[in-house]
Each structure stands twice: as C-alpha cells, then as structure tokens.
Amino acid sequence: MLGDELARVIHRKRRGSRFTQAELGDKIGTSGSYISGLENGKSSPRISELEDMAACFRTTAFEMIQEAIRTGERFVAVTETTGDGLDAIAADLSLEHRRLAREFLLFLRERERVDGVVPD
C-alpha cells in the first residue's frame, strides 16, 4: 500500500540527510518515537508534517508521494475525462488515508489557485 511505501521514503530521506529520528522529530515539532512510528508504518503523517519533513529533505511533499508511488510500482494513467487512475489508487487506501489524500489534493488545488496556476 502507498502508506508502506511512503514510510520507506521517509526512512530513506531521513537517513540520506543524516538525521537521527530524534533530530528529525525536533525539526518538525514531534518526537523521535513518532518518526519511528511513521517509518514503521504504524502511523501516517499529517499533511503539514509531510511538508515540514520534505523541507528538511530539500524536496516537496508531492515529490515524496510520487516517489512512494513509483517505489510501489503503481504506474497510473489518469485520463483527462474520468480520473480513473486516482479512483484506483484511492480504492486501495484505508479510510484514514483516503481522508489524508483528499486533504492533500484540496491543499494542492488551493495552492495552485493562490499561485495563479491554470490547470491544463
């Protein structure tokens, strides 16, 4: 599932940035044990936490999610008319992860609106 792959991405990025779990926790306002739970797939990060971690890793939350999708070999073709690809991904998620994904997509839509990005 995507949550497991995201946990691996967080772990890889943290190790690559040479942070301990406690150091990363301090940087995003949580504890090292919370980071451990994220990396072990026992909990899921809030969107704000994912963004804070991404900033520490000099990337974006969106890029981390894309990496998790690629790592899990989830190549999805989203059609312009139906969006079936996103529906297929959502079907595999728990209710909590669906809620988080929806929240993140709404956030991205709002950010594009504020930044003046025009959808294709």
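The values are calculated or read from the model by the stated rules, or taken from the named source; none is laboratory data. If you're wondering where the values come from, they're calculated on a predicted model, not measured in any experiment. Here Cβ is always computed from backbone atoms with ideal geometry, including for glycine, and neighbour counts include all displayed protein chains.
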Residues satisfying the stated conditions in segment 1-27, i.e. β-branched (V, I, T) and either touching a Pro at 6+ places or on another chain (Cβ under 9 Å) or surrounded by 19 or more Cβ atoms within 10 Å (Cβ to Cβ) (or both): V9, I10
In segment 70-90, is there at least one residue being within 18 Å of R46 (Cβ to Cβ) and at pLDDT 75 or above? no
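If a residue has to be on the phi > 0 side of the Ramachandran plot and crowded, with 18+ Cβ neighbours inside 10 Å to count, how many in segment 51-65 make the cut?
First, the residues of segment 51-65 that are on the phi > 0 side of the Ramachandran plot: 58.
With crowded, with 18+ Cβ neighbours inside 10 Å added as a condition, the list becomes none.
Result for segment 51-65: 0.
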Out of the residues in segment 28-50 that are surrounded by 15 or more Cβ atoms within 10 Å (Cβ to Cβ) and part of a loop (DSSP other than H, G, I, E, B), state the one that is farthest from the chain's Cα centre (by Cα). T30
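Could we say that A68 is surrounded by 16 or more Cβ atoms within 10 Å (Cβ to Cβ), touching a residue at least 60 places away in the same chain (Cβ under 8 Å) and not charged (D, E, K, R) here? Walk me through how you get there before you give the answer.
On the way: surrounded by 16 or more Cβ atoms within 10 Å (Cβ to Cβ): yes; touching a residue at least 60 places away in the same chain (Cβ under 8 Å): yes; not charged (D, E, K, R): yes.
Against the criterion (surrounded by 16 or more Cβ atoms within 10 Å (Cβ to Cβ), touching a residue at least 60 places away in the same chain (Cβ under 8 Å) and not charged (D, E, K, R)), A68 qualifies.
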